[in-house]
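Have a look at the structure below before the remarks.
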Amino acid sequence: MAENNKTAKLSFDGKELELPMLSPTAGPDVIDIRKLYAQGDVFTYDPGFTSTAATDSSITFIDGDKGELLHRGYPIDQLAEKSHFLEVCYLLLYGDLPSAEQLEDFESRVTNHTMLHEQMVYFYRGFRRDAHPMAIMVGVVGAMSAFYHDSTDINDPWQREVASIRLIAKMPTIAAWAYKFSIGQPFVYPRNDLDYASNFLRMCFAVPAEEYEVNPILSRAMDRIFTLHADHEQNASTSTVRLASSSGANPFACIAAGIACLWGPAHGGANQACLEMLREIGTPDRIPEFIARAKDKDDPFRLMGFGHRVYKNFDPRARVMKKSADEVLDLLGIDNNPTLQVAKELEKIAIEDPYFAERKLYPNVDFYSGIILDAMGFPTSMFTPIFSLARTVGWISQWKEMIADPTMKIGRPRQLYIGAPMRDYVDVEDR
Ligand code: ACO
């Protein structure tokens, strides 16, 4: 971020303020309003942060009009094609692609932290058997602050590093165990000879009674899902993590806050909601009925998996996900999957419909991810936990960037108060 020679002039109430402007390495210039209140005695009003940059960051860049997503400058489609999740984790965390030795060292550090503290088993057992795996994730990740107290001092760079590795390493075990608990099967412990995605699949689908062979194509597809969800700039859950950590809260508590935010159907919960919607539509002939509902202002229904706050073009992750869905269904011999037929037809009809075209509503990453996860054997309740597992590295990278910034301030938005002006208390008998 560099201060350029440009300024923005703001006039109101007979005052004139000259505000500095800052230039990013990519994307639009920003007007620096940090001194606006001190100099002009006014706030800005921007609910939903539609025009507000809440931070500077050098991790991820999105050009929503072009449908472009870059991690540390590298396009997501190249990373999804040529790289793999743990290498992308390294890239997000440390800023550059690793050398062969750096990658080996990083992978070994992650692999050696995959087990959970054995007492966490009792923590799991305290949940109701039918608990949603996301509810378990929020609780267990928050509880890590109690189990790993030796890595909660955010002012110690070594503890920050240990907490980061622990979170990335343990998240597959935490998510897989949330699943195992919810279906009444015994926990499967991690195996360090397997890669990250294969280990997760095994912890979800193996049972002690028989050996489980990981299919390499499914493991590659799983790894690609992780890669495509790894980070996404200042979205709602990442901003939640940043806001929570701006008070100095420990990393496990902050990531638990991110998971809670991700759960909502307008964000990470959309993949579950999308597959449920596709199933509810059932057959292509019912699509017009649902399109009509999505357009009806009096109906709260929205087409799940469509639209995005930033992308006003095809979500680049959706393109890769669509290709991956075709590969996985082909491998599994599911060529006439009715949900996929509905998805393909719905995409075609919606894209051609002027309502969606005018509002630039295109399929987002969640539109196809559910189809792949369903084909792999995951229930819909596991879709969002898998998203949180993958997004953990993004949250942590953003958290580390923020904590390391000496100018970091507690996040404290202001408001436009529209309540009652000051009035005197009236005793109850006089009301
Ligand atoms: N179906 C129908 N109409 C829609 C949809 C949709 N999915 N999304 C937006 N619109 C319409 C709105 O009704 C609004 O129309 P109007 O201008 O006539 O009032 C217009 O498009 C703009 O919508 P906003 O809600 O202002 O857009 P915003 O940027 O706030 O919302 C969001 C983005 C939340 C993602 C929204 O598109 C949505 O709810 N989509 C469905 C849920 C979903 O798929 N979420 C996943 C996001 S990706 C992720 O988190 C990984």
remark   = Given unit charges at Cβ for Lys, Arg (+) and Asp, Glu (-), the dipole magnitude of the stretch 233-343 about its Cα centre in debye, nearest 20, is 460 debye
task = Report the local net charge at Thr380: Lys and Arg +1, Asp and Glu -1, summed over other residues whose C-beta lies under 13 Å from its C-beta.
result = -3
task = Keeping the other protein chains in place, figure out the carbon and sulfur percent of the accessible area of the stretch 32-178, with a 1.4 Å probe.
result = 50 percent
inquiry  = Under a crude label model (7 Å from the Cα following the beta-carbon direction), how far is Arg279 from Lys360 in nanometres?
reply    = 3.4 nm
key: Point-charge dipole on Cβ atoms (K/R +1, D/E -1) for the stretch 283-431, about Cα centre, debye to 20   = 680 debye
note = For the stretch 375-424, listing trypsin sites (Lys or Arg not before Pro) in a DSSP loop whose Cβ sees at most 13 other Cβ atoms within 10 Å gives Lys409, Arg414, Arg423
ask   = Who wins for biggest fluctuation among Thr50, Thr240, Thr392 in a Gaussian network model of the chain, springs between alpha carbons below 10 Å?
value = Thr50
remark   = Checking Val207, Val188, Val320 against a Gaussian network model of the chain (alpha-carbon springs below 10 Å), the top fluctuating residue turns out to be Val207
request  = With a 1.4 Å probe and all protein chains in place, put Lys180, Lys9, Lys344 in order of accessible area, largest first.
outcome  = Lys9, Lys344, Lys180
request  = Round to the nearest 10 and give me the degree value, 0 to 90, for the angle of helix 383-403's Cα axis relative to the longest principal axis of the chain.
outcome  = 50 degrees
message = Leaving ligands and nucleic acids out of the surface, order Glu352, Glu276 by accessible area at 1.4 Å, largest first.
response = Glu352, Glu276
key: Accessible carbon and sulfur surface of the stretch 217-281 relative to its total accessible area, %, 1.4 Å   = 63 percent
note = Scalar couplings 3J(HN,Hα) for the stretch 341-357 by Karplus 6.51 cos²θ - 1.76 cosθ + 1.60 (θ = phi - 60°), nearest whole Hz, x for Gly and Pro, are 4, 5, 4, 5, 5, 4, 4, 4, 5, 5, 5, 7, 6, x, 4, 6, 5
task = With +1 on each Lys and Arg Cβ and -1 on each Asp and Glu Cβ, and nothing else charged, work out how big the dipole of the stretch 50-105 is about its Cα centre, in Debye to the nearest 20.
result = 160 debye
task = Can you work out the PRE-style zone for Arg129? Point 7 Å along Cα to Cβ, and I want the residues of the stretch 168-195 with backbone N under 19 Å.
result = 177-188
task = Could you please state how large a percent of the accessible area of the stretch 295-431 is carbon and sulfur, counting protein chains only and using a 1.4 Å probe?
result = 52 percent
Solvent-accessible area per residue, Å², over the chain with all protein chains present [probe radius 1.4 Å] = 50 Å²
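The values are calculated or read from the model by the stated rules, or taken from the named source; none is laboratory data. Small disclaimer: the values here were computed from a predicted structure and weren't measured. Methodologically, a virtual Cβ is constructed for each residue, glycine included, from the backbone with ideal geometry; neighbour enumeration extends over all protein chains shown. The area values use the complete protein model at the heavy-atom level, side chains included, leaving out ligands, DNA and RNA. Shrake-Rupley method; radii C 1.70, N 1.55, O 1.52, S 1.80 Å.
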